[in-house]
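The values are calculated or read from the model by the stated rules, or taken from the named source; none is laboratory data. Just so you know, these numbers come straight off a predicted model, no measurement behind them. Quick reminder, even Gly has a Cβ in these numbers, built from the backbone with ideal geometry, and neighbours come from all protein chains shown. Areas reflect the complete protein model, heavy atoms only, side chains present, ligands, DNA and RNA absent. Shrake-Rupley method; radii C 1.70, N 1.55, O 1.52, S 1.80 Å.
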Amino acid sequence: MEKRMRYITIIIMTVFLSVFALLCWFKTSDEYSMMERRYLKQFPNLTWESVMSGRFMSEFESYSQDQFPGRDFLRGVKSATALFVFGQKANNDLYLAEGYIGKLEYPYDKQSIEHATKVFQSVYDKYLEGTNCKVYYSIIPDKGYFLAESNGYPSIDYEILEQDFCAGMNGMVYIDIFDVMALDDFYKTDTHWRQEKIVDVAEVLAGAMGKHLTAEYELNALEESFYGVYYGQLGLPVQGETLFYLNNDTLENCYVYDYTDMQEIPVYDMDKAVGADPYELYLSGPLSLITIENSNADTKDELIIFRDSFGSSIAPLFVEDYAKITLVDIRYLHSGYLGKYIDFKDQDVLFLYSTLVLNNSETIK
């Protein structure tokens with residue numbers, strides 16, 4: 001009986017491995033993972049040089065991991081096992097708490113903050129000092145500020161981050177928005193804040209810049225459920241959410257221009273809304289330089305926002321009080337070339353960045 005069981009075990013394992021081997025060889029390679037929002041490795045180029053150098057096997061290993069049959073299902077099993085069977089607090093730095101997916105933003109990287117402030121200060125010194133521009137800056141706390149420490153997860157010291165950041169921003173006025181924000185300002189499955197929840201944040205920022213926002217909006221919702229970037233990274237079947245966007249006649253009549261692709265774009269890009277990242281609905285996502293012009297404004301005032309992806313959803317909320325808003329992302333446009341595109345003279349200028357970017361600022365240049 002024992003001998004028979006050994007044979008049965010060997011047969012089952014042989015069949016299992018053979019089936020998966022066949023699936024691996026004959027499965028069509030996927031180009032893109034919607035769950036992980038990244039392009040997958042493709043079969044490497046087989047040459048004598050690549051084999052002898054070892055590059056082929058190294059690339060083939062990455063290819064086989066990316067193209068393994070049932071990969072998304074197995075990733076989910078791994079996450080569920082790590083979190084619910086072995087009791088790990090997090091899996092690949094992702095955790096579940098209070099119905100939200102969070103990511104460990106730890107430890108605090110002071111050098112990263114210093115790099116960010118050094119770049120921002122150089123922009124101020126080169127383009128803004130001595131002009132009539134009024135310059136402000138603000139920090140957007142990430143979801144972990146409200147979620148991590150209270151649920152037993154390691155957390156950076158946001159107070160120290162704030163102090164260090166402010167210490168490096170000379171000649172500019174700080175606008176504190178930490179107290180006006182809350183956990184439900186964020187999507188449960190994504191990094192970003194919800195536009196319909198940050199009208200009060202926009203009012204605080206605008207108020208500090210001498211403006212008073214009073215516009216009313218129509219609340220619109222996408223038909224399909226929104227699954228944020230953390231959903232795919234965690235791999236667990238978390239419930240989707242509704243992605244809302246705010247609109248009114250003023251926004252409908254704005255002229256938005258993308259200087260990256262040299263074309264007019266909408267305030268809300270419905271093609272992006274059904275793409276890999278629906279959050280790119282807001283001003284078509286991470287573009288290096290765009291302008292929003294409100295020809296019906298009662299003022300000639302202009303606003304320049306240095307921003308990361310969070311800025312895409314809040315910028316439209318400032319339109320009522322500015323004739324022109326310029327959004328600059330110096331992760332993609334080197335700050336040394338700004339003078340070729342922007343005439344700094346008498347605008348309001350706002351540096352608006354999330355702690356996620358500030359604590360990982362190597363992309364700011």
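Assorted remarks:
- Odd one out for ILE156, checked against (1) assigned to a loop (DSSP other than H, G, I, E, B); (2) more than 23 Å from the chain's Cα centre (by Cα); (3) more than 24 Å from GLY207 (Cα to Cα): (2)
- Scanning the range 90-107 for residues that are over 19 Å from the mean Cα position of the chain (by Cα) and surrounded by 14 or more Cβ atoms within 10 Å (Cβ to Cβ) turns up ALA90, ASN91, ALA97.
- Looking across the range 214-250 at every residue that is assigned to a strand (DSSP E or B) and open to solvent by 60 Å² or more (accessible area, probe 1.4 Å), the one that is farthest from PHE310 (Cα to Cα) is identified as GLU218.
- Some residue of the range 282-300 being in contact (Cβ under 8 Å) with a residue 60 or more places away in the chain and among the charged types (D, E, K, R): no
- Tally of residues being within 15 Å of TYR282 (Cα to Cα) and buried (at least 17 other Cβ atoms within 10 Å of the Cβ) across the range 193-204: 5
- The single condition among (1) touching a residue at least 40 places away in the same chain (Cβ under 8 Å); (2) open to solvent by 20 Å² or more (accessible area, probe 1.4 Å); (3) of a type in the set (A, V, I, L, M) that ILE330 does not meet is (2).
- In the range 282-298, of all residues being at pLDDT below 95 and either in a strand (DSSP E or B) or within 21 Å of the chain's Cα centre (by Cα) (or both), the one that is surrounded by the most Cβ atoms within 10 Å (Cβ to Cβ) corresponds to PRO286.
- Candidates ALA323, ALA315, filtered to the one that is more than 15 Å from the chain's Cα centre (by Cα), open to solvent by less than 10 Å² (accessible area, probe 1.4 Å), modelled with pLDDT of 95 or more and small (Gly, Ala, Ser): ALA315
- Checked against the criterion of being out of contact with any helix residue (DSSP H, G or I) (no Cβ under 9 Å at 6 or more places or on another chain) and either surrounded by 17 or more Cβ atoms within 10 Å (Cβ to Cβ) or basic (Lys, Arg) (or both), the range 169-192 contains not a single residue that satisfies it.
- Qualifying residue in the range 251-260 (condition: surrounded by fewer than 20 Cβ atoms within 10 Å (Cβ to Cβ) and either modelled with pLDDT under 95 or polar (S, T, N, Q) (or both)): yes
- Qualifying residue in the range 318-325 (condition: in contact with a Leu (Cβ under 6 Å, 6 or more places away or on another chain), of a type outside the set (A, V, I, L, M) and part of a loop (DSSP other than H, G, I, E, B)): yes
- Once the range 110-150 is narrowed to residues that are within 25 Å of ASP185 (Cα to Cα) and open to solvent by 50 Å² or more (accessible area, probe 1.4 Å), the residue that is farthest from the chain's Cα centre (by Cα) is SER150.
- Flag if ALA297 is more than 26 Å from THR131 (Cα to Cα) and out of contact with any Leu (no Cβ under 9 Å at 6 or more places or on another chain): no
- Scope the range 159-172; condition part of a helix (DSSP H, G or I) and either farther than 15 Å from ASN360 by Cα or acidic (Asp, Glu) (or both); matching residues: GLU159, ILE160, GLU162, GLN163, ASP164, CYS166, ALA167
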